[in-house]
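A.B. asks: Before I ask anything, here is the structure I am working with.
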Amino acid sequence: MADLTQIEAAVRDVPDFPKPGILFKDITPVLADPTLFKGCMELLAETAGGQKIDKVVGIDARGFIFAAGVAQNLDAGFVPVRKAGKLPWTTHKMAYTLEYGESVVEIHQDAVKPGEKILLVDDLLATGGTAAAAIKLLRALEADIVAVSFLIELEALNGREKLGIEPVCSLLKY
């Protein structure tokens, strides 16, 4: 299995993307390497702390990449939290604030049953708005959120503070 040092070495810094002054953490080299990609799934699955997980919930869109693999590792179902208007069934919606406006995420109203054990997974924790909205959606469905896990956390943005939940697990912190 790949270790965190190998995974971190493969994350590429892209300056001034998507706009000047931003240092983007590009995970595509990690995804392209089967050993590193598999290692991410295994390490993220470990954040469940050995608990039986019913569903792994992934946040649109890169969170899907990781959450689906983690679900397979945990022998759990996969549930997407999507941007508004992308799910075909009846949904619960949650608005959240972005740097320059507002956005909405949705989950199918029957995606999670009350009391089901959930591991919420995304690729990146930045300001925390999207993850906090996903947590509110899961709480509205009376889910038992076991942990919230990320491949990368940008600590200077203090996104963890917005989540209002423990444990929050990040494999890589910058």
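The values are calculated or read from the model by the stated rules, or taken from the named source; none is laboratory data. Here the structure is a predicted model, which means the values were calculated and not measured. Note: ideal-geometry Cβ built from the backbone for every residue, glycine included; neighbour counts use all protein chains shown. The area values use the complete protein model at the heavy-atom level, side chains included, leaving out ligands, DNA and RNA. Shrake-Rupley method; radii C 1.70, N 1.55, O 1.52, S 1.80 Å.
A.B. asks: Tell me the residue from K86, K93, K113, K136 that is within 16 Å of the chain's Cα centre (by Cα) and of a type in the set (K, R), please.
C.D. replies: Going through K86, K93, K113, K136 in turn, just one is within 16 Å of the chain's Cα centre (by Cα) and of a type in the set (K, R): K136.
A.B. asks: Something else now. Read through the list (1) in a strand (DSSP E or B); (2) open to solvent by less than 60 Å² (accessible area, probe 1.4 Å); (3) out of contact with any helix residue (DSSP H, G or I) (no Cβ under 8 Å at 6 or more places or on another chain), then give the number of the only condition that L137 fails.
C.D. replies: The single condition L137 does not satisfy is (1).
A.B. asks: To continue, here is another question. How many residues does segment 32-57 contain that are on the phi < 0 side of the Ramachandran plot and open to solvent by 50 Å² or more (accessible area, probe 1.4 Å)? Talk me through it step by step, then tell me what you get.
C.D. replies: Pass one, segment 32-57, residues on the phi < 0 side of the Ramachandran plot: 32-48, 51-57.
Keeping just the survivors that are open to solvent by 50 Å² or more (accessible area, probe 1.4 Å) gives 32-35, 37-38, 46, 51-52, 54.
Summing the residues that are on the phi < 0 side of the Ramachandran plot and open to solvent by 50 Å² or more (accessible area, probe 1.4 Å) in segment 32-57 gives 10.
A.B. asks: Restricting to segment 85-142, name every residue that is at pLDDT below 95 and either basic (K, R) or at positive phi (or both).
C.D. replies: G101
A.B. asks: With the condition kept exactly as written, say whether any residue in segment 152-159 is without any contact (Cβ under 8 Å) to a residue 24 or more places away in the chain, surrounded by fewer than 20 Cβ atoms within 10 Å (Cβ to Cβ), under 25 Å from A9 (Cα atoms) and not aliphatic (A, V, I, L, M). First the steps, then the outcome.
C.D. replies: Applying the first criterion (without any contact (Cβ under 8 Å) to a residue 24 or more places away in the chain) to segment 152-159 yields 155-156.
Those left that are additionally surrounded by fewer than 20 Cβ atoms within 10 Å (Cβ to Cβ): 155-156.
Retained after the next criterion (residues that are under 25 Å from A9 (Cα atoms)): 155-156.
Among the residues that remain, those that are also not aliphatic (A, V, I, L, M) are: 155.
Among the residues of segment 152-159, at least one is without any contact (Cβ under 8 Å) to a residue 24 or more places away in the chain, surrounded by fewer than 20 Cβ atoms within 10 Å (Cβ to Cβ), under 25 Å from A9 (Cα atoms) and not aliphatic (A, V, I, L, M), which makes the answer yes.
A.B. asks: Give all pairs with beta carbons closer than 7 Å in which a residue from segment 1-23 that is assigned to a loop (DSSP other than H, G, I, E, B) and modelled with pLDDT of 95 or more meets a residue that is among the basic types (K, R) and open to solvent by 80 Å² or more (accessible area, probe 1.4 Å); count only pairs at least 6 apart in sequence or on separate chains.
C.D. replies: So the pair list comes out empty.
A.B. asks: Also, I was wondering about something else. Just the residues that are outside any strand (DSSP E or B), over 19 Å from D144 (Cα atoms) and open to solvent by less than 50 Å² (accessible area, probe 1.4 Å), please, taken from segment 86-125.
C.D. replies: Just the residues of segment 86-125 that are outside any strand (DSSP E or B), to begin with: 86-90, 99-100, 109-116.
Of the ones still in play, those that are also over 19 Å from D144 (Cα atoms) are 86-90, 99-100.
Result: L87, single match.
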